[in-house]
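First comes the structure, then the notes that go with it.
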Amino acid sequence: MFKSTALVALISVVPAFVNAAQPLYAQCGGIGWTGDTSCVSGSVCTKLNDYYFQCLAGTTTSTPATSSSTSKTTSTPTTSSSGSTPSTTPAAGNPYTGYQIYLTPYYADEVKAAAAKISDATQKAKALKVADIPTFTWFDVVAKAPTLGTYLADASAKGKASGQKYLVQIVVYDLPDRDCAALASNGEFSIAKDGLNKYYDYIDQLVAQIKKYPDVRVVAVIEPDSLANLVTNLNVAKCSGAQTAYKQGTIYALKQLNAVGVYMYLDAGHAGWLGWSANLTPAAQLFSQLYKDAGSPAYLRGLATNVANYNALSAGSPDPITQGNSNYDEIHYINALAPALAAGGFPAHFIVDQGRSGVQNIRQQWGDWCNVKGAGFGTRPTLNTGSSLIDAIVWVKPGGECDGTSDTSSPRYDAHCGLSDAAPNAPEAGTWFQSYFETLVKNANPAL
Ligand code: BGC
């Protein structure tokens, strides 16, 4: 903060800086930021967290939600306020079928800016192709909620202009005490500081945007890592302390998003996490129970696996780090989990993240998740999945955005990001990691 203030003072006496306002979606502040803190006209430098301020569309600074949520209690969340009620009956079958996936301008701009920094013409051309591959957009702070409206409006306009039906992919990711077993993605809300009510408000803000565009289909991944942490990490105090809030928050999200027709996939970790035989049954029980507790939401289509991870959907042979787990890749994990879910009354379908799974056998341990060295972009998003259980191969993690900082002095430093198989010089989670992106491009499989 201090550095940003000092820079603002400097800008006022150095005209050259004034002209170099940051473009939409670029970083404009945060601890350690030494670049320009002003934004182009029509956008405002918005604090997303202490480490990252970003130029977001608008003319006034957005204020984080506080007071509007006070009417709710943590035990009995209310339903959303007024607005149009969408169809209560989801379309049968795969929600992706017949839809054009919207390309989020946020990621496309990140990729184009990254490509501009690559001098090798061949690599630059390959990098630029990534801007045309759909990824999910992560709503990792409440301040980003209004941008969902911007994307939906754009998708709606594109749909009307082209006669095609559009689908926007989002990640709902702001539970209080987030990332309870790790440090890298610690979030903005804490349970001790009314975080659950603030989370309800965050969900309400997303819902308010979605309601305005009933012609655009929304597919959401719900809260990466959260329920998986409740299966295996209740020995971690922050996770056991978050158990009730995670469940209440998730049920609220499922109910509210169901009411506006969002097709949802709950995050289910990956083969190397919940795919172990000791974890499969407790995982299936937790997911099935939540499904029931949320009232068996018709739009809860199933589960998302391998989000932001590096596993193959189908490995030619098991990576030695899988140490004899019969579920050594995502297809084996899904085939094992689906019947257990069905037995629990949850007829789940799946989507699988393959965005960074192009290169296998690069980890020292299966649990290594942070900026794994040598990774490459993987199978492109497709509905040709080879399995009736899997609706789509998708890219959930926007490749090039960091998993976590390698700066040991950061409060969000997690030791996984300092391992020898983690890429060094990594910035904060979610911010752009140029050298990592360039490696993903170079190692892409299939090649770009
Ligand atoms: C970060 C988020 C980010 C997401 C996608 C997560 O690891 O914590 O801030 O939006 O990755 O890059």
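The values are calculated or read from the model by the stated rules, or taken from the named source; none is laboratory data. In this text, all values refer to a predicted model and were calculated from it rather than measured experimentally. For neighbour counting, all protein chains shown are included, and Cβ atoms are generated from backbone atoms with ideal geometry for every residue, glycine included. With ligands, DNA and RNA removed, areas are computed over all heavy atoms of the protein, side chains included. Shrake-Rupley method; radii C 1.70, N 1.55, O 1.52, S 1.80 Å.
What length, rounded to one decimal in nm, is gained on full extension from Thr97 through to Ser317, with 0.36 nm per residue of separation minus their alpha-carbon distance?
Length gained between Thr97 and Ser317: 76.1 nm.
Percent of accessible area on the stretch 240-398 owned by carbon and sulfur, 1.4 Å probe? Before the final figure, lay out each step's value.
Details: 2530 of 5110 Å².
Reported share for carbon and sulfur atoms: 50 percent.
Measuring from the lowest to the highest alpha carbon on each principal axis, how far does the stretch 136-222 reach, largest first, in angstroms?
Per principal axis, max minus min of the Cα coordinates gives 47, 22, 16 Å.
Evaluate the Debye formula for the stretch 287-341 with equal point scatterers sitting on the alpha carbons, no solvent, and hand back log10 of I(q)/I(0) at q = 0.24, 0.28, 0.29 Å⁻¹, in q order, two decimals.
Summing over Cα pairs of the stretch 287-341 leads to -0.97, -1.14, -1.19.
With springs only between Cα atoms under 10 Å, which of Pro398, Pro134, Pro23 fluctuates most in a Gaussian network model of the chain?
Pro23
Which value, to two decimals, describes the C-alpha radius of gyration of the stretch 324-422 once divided by 2.2 N^0.38 Å?
Output field value: 1.27.
Just name one of Ile118, Leu103, Tyr151: the one whose Cα is farthest towards the positive end of the charge dipole of the stretch 101-157 (beta-carbon charges, Lys/Arg +1, Asp/Glu -1).
Going by the charge dipole, the pick is Ile118.
Can you give the direction-averaged projected area of the convex hull of the alpha-carbon atoms in the stretch 84-187, in nm²?
Working: hull surface 41.0 nm².
Result: 10.3 nm².
Along the Cα→Cβ direction, 7 angstrom out, place labels at Gln289 and Ala153. What is the inter-label distance in nm?
That separation, rounded to one decimal, is 4.3 nm.
Does a label point 7 Å from the Cα of Lys160, set along Cα-to-beta-carbon, have any residues of the stretch 209-230 with amide nitrogen under 17 Å, and which are they?
Counting backbone N atoms under 17 Å from the label point, the list is 210-217.
What accessible area, in Å² to the nearest ten, does a 1.4 Å probe give for Thr379?
Spelled out: Thr379, probe radius 1.4 Å, area about 60 Å².
So for the stretch 401-448, what percent of the C-alpha to C-alpha distances run longer than 16 Å? Don't skip to the answer; put the middle values down first.
On the way: 450 of 1128 pairs.
The calculated P(r) of the stretch 401-448 puts 40 percent of pairs beyond 16 Å.
Let me know the whole percent of all Cα-Cα pairs from the stretch 206-350 that are separated by more than 20 Å.
Tail fraction, whole percent: 48.
Just to verify a number: FRET efficiency for Ser277 and Ser240, C-beta to C-beta distance, R0 = 25 Å, to 0.05?
E(calc), rounded to 0.05, equals 0.60.
Quick one: work out Rg over Rh on the C-alpha atoms of the stretch 140-186, Rh as Kirkwood radius.
Using only Cα positions, Rg/Rh for the stretch 140-186 is 1.19.
Mind ordering 281-291, 256-266 by average Cβ neighbours within 10 Å, highest first? Display every interim value, and only then the final one.
Working: 281-291: 19.5, 256-266: 23.8.
In descending order of packing, they fall as 256-266, 281-291.
Using 0.36 nm per residue of separation minus the Cα-Cα distance, give me the extension gain between Asp194 and Ala298 in nm, one decimal.
Full-extension gain reported as 34.5 nm.
Please list the non-local residues whose amide H lies under 5 Å from the amide H of Ile170, H modeled 1.01 Å from N, same-chain partners needing a gap of 5 or more.
Placed amide hydrogens put Thr137, Val219, Ala220, Val221 under 5 Å from Ile170.
Which Cys residues of the chain have no other Cys Cβ less than 4.7 Å away and so no disulfide-compatible partner by this rule?
So, Cys402.
With every protein chain kept in place and ligands, DNA and RNA left out, what is the accessible area per residue of the chain? Probe 1.4 Å, answer in Å².
40 Å²
Sequence gap at least 6, Cα distance under 8 Å: using those rules, report the relative contact order of the stretch 345-405 to the nearest whole percent.
Reported as a whole number, the value is 43 percent.
Grab the eigenvalues of the alpha-carbon gyration tensor for the chain, scale each by 5, take roots, and send me the semi-axes largest first in whole angstrom.
Values: eigenvalues 194, 144, 104 Å².
So the three semi-axes of the chain are 31, 27, 23 Å.
Under the 0.36 nm per residue contour assumption, what length would be gained going from the current alpha-carbon distance of Gln364 and Leu383 to full extension? Don't jump to the answer; show the numbers that get you there.
Details: separation 19, 0.36 × 19 = 6.84 nm, distance 3.15 nm.
Additional length available on full extension: 3.7 nm.
Taking the Cα centre of the chain as the origin, how large is its charge dipole in debye, to the nearest 20, when only Lys and Arg (+1) and Asp and Glu (-1) carry charge on their Cβ atoms?
Rounded to the nearest 20 debye, it is 780 debye.
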